[in-house]
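Enquirer: Attaching a single structure in structure tokens format; questions to follow.
Derivation of every value follows stated rules applied to the coordinates shown; laboratory data play no part. Note that this is a predicted model, so its numbers are computed, not measured. Quick reminder, even Gly has a Cβ in these numbers, built from the backbone with ideal geometry, and neighbours come from all protein chains shown.
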Amino acid sequence: MTGGIVADPRRTNPPPAIRDLGAQDLDVVFQPIVDATDGALFAVEGLVRCNRNEYRSPLALFDEAVAQEACGRLGRTVREVAFERVAGTAIFVNIHPKEISSRWLVRPDDPLCFHDHDVYLEITEAAAFEYFDLCSDVLREVCARTGAKLVVDDFGAGYSNLERIVDLEPSVVKLDRSLIVDLHRHGRKRTLVTHLVRLCADLGATVVAEGIEVVDELRAVQDCGVQLVQGYLLARPSYPIPAIHWPAE
């Protein structure tokens with residue numbers, strides 16, 4: 001009698017290789033970022049979606065890209081799709097810290113070098129703190145060479161050393177959602193946000209309040225001096241770029 005290995009019926013196939021994903025496998029939707037005074041479009045943020053069932057969650061997509069050491073290639077493909085869709089529009093794109101270490105961003109043929117409007121490169125506050133030297137060296141190089149602008153996202157989430165964030169000299173700071181939710185109900189939180197907005201202004205950075213979901217939150221960030229806003233109240237991410245729903249006074 002000869003022995004053999006019996007396949008386990010519960011075993012699933014390995015997920016598709018990230019390097020094999022092309023533009024046809026990815027979708028990018030856009031959420032407007034608008035002027036806090038009148039709702040005029042300032043820019044859009046590109047948000048990736050994957051058409052493969054294994055990677056429906058963007059978090060799962062990038063977690064697997066990290067595991068396969070393919071963040072650089074994935075990020076470039078996302079930018080190819082995003083920039084082609086919004087020619088003539090300023091765009092914010094998220095940068096995974098592993099993209100920075102792989103140095104794909106510094107390649108002279110990267111799509112961000114050819115976009116016909118402003119490009120804003122977003123890095124989270126936590127990543128900016130953990131990968132400070134990489135962010136300082138690589139992102140500064142990219143911004144200086146291409147004219148892209150640095151954005152620190154999730155500011156105020158509690159991870160950072162403020163001095164390090166200041167040293168990065170971001171052009172834009174996006175306040176963490178935790179600072180915005182129910183802002184109209186908490187006077188001490190409004191005081192904190194007001195001081196953060198003033199600090200950023202003194203440092204030459206524009207402030208975005210993201211995650212705006214109700215009119216009262218919008219009014220509260222306006223009172224705090226925030227210049228730009230983003231959130232479901234104004235528009236949900238989609239493609240083509242969605243219309244902005246600006247609440248009446």
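Enquirer: Among GLY187, GLY46, GLY75, which one shows the biggest mean-square fluctuation in a GNM of the chain, springs joining Cα atoms closer than 10 Å?
Expert: The residue that fluctuates most here is GLY187.
Enquirer: Just subtract the alpha-carbon distance of SER101 and ALA60 from 0.36 nm times their residue separation and send over the number in nm, one decimal.
Expert: Additional length available on full extension: 12.8 nm.
Enquirer: For the chain, what number results from the quotient of the Cα radius of gyration and 2.2 N^0.38 Å?
Expert: That works out to 1.12 for the chain.
Enquirer: To two decimal places, what compactness ratio does region 34-87 give when its Cα radius of gyration is scaled by 2.2 N^0.38 Å?
Expert: Working it through for region 34-87, the quotient is 1.44.
Enquirer: Using the Kirkwood formula on the Cα atoms of region 124-198, what hydrodynamic radius do you get, in angstrom to one decimal?
Expert: Kirkwood radius, region 124-198: 13.2 Å.
Enquirer: Which one of ALA128, CYS224, HIS115 has its Cα pushed farthest toward the positive end of the charge dipole of region 25-229, where Lys and Arg give +1 and Asp and Glu give -1 at the Cβ?
Expert: Toward the positive end, the furthest listed residue is CYS224.
Enquirer: Right, here's the next one. In the chain, what percentage of the DSSP-assigned beta bridges are antiparallel, given to the nearest 5?
Expert: That works out to approximately 35 percent antiparallel.
Enquirer: Something else about it: Expressed as a rounded percentage, what relative contact order does region 25-229 have, with Cα pairs under 8 Å and six or more residues apart?
Expert: Value for region 25-229: 17 percent.
Enquirer: Can you tell me the dipole magnitude for the chain around its Cα centre, using point charges on the Cβ only (Lys, Arg +1; Asp, Glu -1), in Debye to the nearest 20?
Expert: Details: 26 positive and 38 negative charges, 86 e Å.
The calculation lands at about 420 debye.
Enquirer: Here is a further query. Would you list the P(r) distribution for region 75-222, with all Cα-Cα distances sorted into 10 Å bins from 0 and each bin expressed as a whole %?
Expert: Answer for region 75-222: a P(r) of 11, 39, 32, 16, 2 percent.
Enquirer: Rank these for me by crowding, SER136, SER238, going from fewest to most other beta carbons within 10 Å.
Expert: The order, fewest Cβ neighbours first, is SER238, SER136.
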